[in-house]
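The structure appears below as structure tokens.
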Amino acid sequence: MNRPEGNLDPARAAAKGRGTALRPPNRFERVHAEDDLEQLDPADELLPGRGVATEYLPDDSQTIISQNDSPDIPFRFSLNPYRGCAHGCSYCYARPYHEYLGLNAGIDFESKVLVKYRAPELLRAFLARDSWLPEPIIFSGVTDCYQPAEREFRLTRGCLEVACEARQPIAIITKNALVTRDLDILRRMAADRTVSVALSITTLDAELARTMEPRTSTPAARLRAVRELSDAGVPVRVMVAPIIPGLNDFEIPAVLQAASEAGAQGAGYTVLRLPLAVRPIFLDWLERTQPHKADKVQTLIRSTRGGELSSSKFGARMKGEGLMAEQIKQTFSVFAKRYGLDGRKAPLECGNFRPPAAPSGQRRLF
């Protein structure tokens, strides 16, 4: 849908350095407040969303490891030091999780980040349990463990130190080049074959990334991170995720070539889906920033989701279905093979695990 900039709803045009300024209704709340901005100009600095600062709120969770049994997800255990994410990606599937906290999936998700201050301590306690049989734990199963909060709180690093001590296998998923800050730990873990890293690279277009993923590292910085990790001996893959039909699908060959040249050992992808509150947020972003492509992109997304914008169907929700999804699959397969990124990921070593010292300092008898 084409819409001139001057006719934009002020609330939609107000986000500055954010993925969205929207406050979509929380599906668990009966009452929803809406801003009445009819008389305000889109340039008004007092509009909601203008210069919204990130708030860090304490998360008093008593456990740090989450478990899933989804057949679409290739891991069982994950760790997330933060809830919410200041990266502000307009397509982020994790946004609806904020609704469980009584917050919204829009600007609250980006600006109200919950911090699990005890994350390293809780991981230590988990790994020290007699019942733990080591298998890989994924860092960033939901929100990015190297988002901007990590610069200040260093909880991901603290958790890596615990994992390194225990020789606990860890796989990291991130789109932030901050991961290279921890190369000293990652090198040691790589030597024990207990770590791998996947960098998400959605596009090579810096301007598209700036608007779609406003507080992430630039594509060039992510490729540099791939190179630095590879040079340090850390197994690294690239995730072209999500692929958005009609917007970035044509970049698949170029992204895979750049990833290969940077030293990536493998690659994977997912196709965009828009569940729950992600839908209005992404569609609003699409109409604001890509007005001439919006209709086409929506149509192509629907073509991969049986006429809908999302699908929860196991076996299809990550890659989509239909002709467009098949074209994406074939394109990815051809160029992943061409650039040597189609090999199987080497398994992480679980056999050398040694329980860390318990937080209490109590020593183990055996």
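Considering each residue of the stretch 183-206 in turn, at least one proves to be among the β-branched types (V, I, T) and surrounded by fewer than 22 Cβ atoms within 10 Å (Cβ to Cβ).
Table: residues versus (1) closer than 28 Å to P355 by Cα; (2) within 14 Å of the chain's Cα centre (by Cα).
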residue	(1), (2)
S61	yes, no
D72	no, no
Y91	no, yes
K112	no, no
R129	yes, no
V142	yes, yes
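Of all residues in the stretch 231-258, how many are in contact with a helix residue (DSSP H, G or I) (Cβ under 7 Å, 6 or more places away or on another chain) and part of a helix (DSSP H, G or I)? Residues that pass the stated criteria total 5. Checking each residue in the stretch 202-230 for being outside any helix (DSSP H, G or I) and either under 16 Å from L183 (Cα atoms) or not acidic (D, E) (or both) picks out T202, T203, L204, P214, R215, T216, S217, T218. Taking the stretch 35-75 as the range and being at pLDDT below 90, in contact with a Leu (Cβ under 9 Å, 6 or more places away or on another chain) and not hydrophobic (A, V, I, L, M, F, W, C) as the test, the residues that pass are D35, D41, P42, D44, P48, G49. Take the residues in the stretch 274-305 that are farther than 16 Å from T20 by Cα and touching a Pro at 6+ places or on another chain (Cβ under 8 Å), then tell me which one is surrounded by the fewest Cβ atoms within 10 Å (Cβ to Cβ). Out of the qualifying residues, it is P275.
Pairing each residue of the stretch 171-200 that is small (G, A, S) with any residue that is modelled with pLDDT of 95 or more and assigned to a helix (DSSP H, G or I), provided the two are 6+ apart or on different chains, yields C-beta distances under 7 Å for A177/A221; A177/R222; A177/R224; A177/A225. Only one of the numbered conditions (1) among the aliphatic types (A, V, I, L, M); (2) over 28 Å from R210 (Cβ atoms); (3) modelled with pLDDT under 95 is not met by L348, and that is (3).
Would you kindly identify the helices (runs of 4 or more DSSP H) lying entirely within the stretch 259-352 that contain at least 2 residues that are without any contact (Cβ under 8 Å) to a residue 24 or more places away in the chain, charged (D, E, K, R) and out of contact with any Phe, Trp or Tyr (no Cβ under 7 Å at 6 or more places or on another chain)?
Output list reads 322-338.
Taken over the stretch 144-160, the criterion of being under 22 Å from M189 (Cα atoms), charged (D, E, K, R) and out of contact with any Cys (no Cβ under 7 Å at 6 or more places or on another chain) is satisfied by E150, R151, R154, R157.
Applying the selection to the stretch 143-171, what residues are β-branched (V, I, T) and in contact with a helix residue (DSSP H, G or I) (Cβ under 6 Å, 6 or more places away or on another chain)? Step through it out loud before you land on a result.
Residues of the stretch 143-171 β-branched (V, I, T): 143, 156, 162, 170.
Answer for the stretch 143-171, where residues must be β-branched (V, I, T) and in contact with a helix residue (DSSP H, G or I) (Cβ under 6 Å, 6 or more places away or on another chain): T156, V162, I170.
Residues V238, V226, V234: which one is under 14 Å from the mean Cα position of the chain (by Cα) and closer than 21 Å to G268 by Cβ?
On the way: V226 fails: under 14 Å from the mean Cα position of the chain (by Cα); V234 fails: under 14 Å from the mean Cα position of the chain (by Cα).
Residue meeting the stated conditions: V238.
Just wondering, is there one or more residues in the stretch 266-285 that are among the small types (G, A, S) and under 26 Å from I107 (Cβ atoms)?
Scanning the stretch 266-285 turns up at least one residue that is among the small types (G, A, S) and under 26 Å from I107 (Cβ atoms).
Residue-wise test of (1) surrounded by 23 or more Cβ atoms within 10 Å (Cβ to Cβ); (2) touching a residue at least 24 places away in the same chain (Cβ under 8 Å); (3) of a type in the set (S, T, Y).
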residue: S61; (1), (2), (3): no, yes, yes
residue: F77; (1), (2), (3): no, yes, no
residue: Y97; (1), (2), (3): no, yes, yes
residue: F109; (1), (2), (3): yes, yes, no
residue: G141; (1), (2), (3): no, yes, no
residue: C145; (1), (2), (3): yes, yes, no
residue: R157; (1), (2), (3): no, yes, no
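The values are calculated or read from the model by the stated rules, or taken from the named source; none is laboratory data. Values in this document were obtained by computation on a predicted structure and should not be read as measured data. For neighbour counting, all protein chains shown are included, and Cβ atoms are generated from backbone atoms with ideal geometry for every residue, glycine included.
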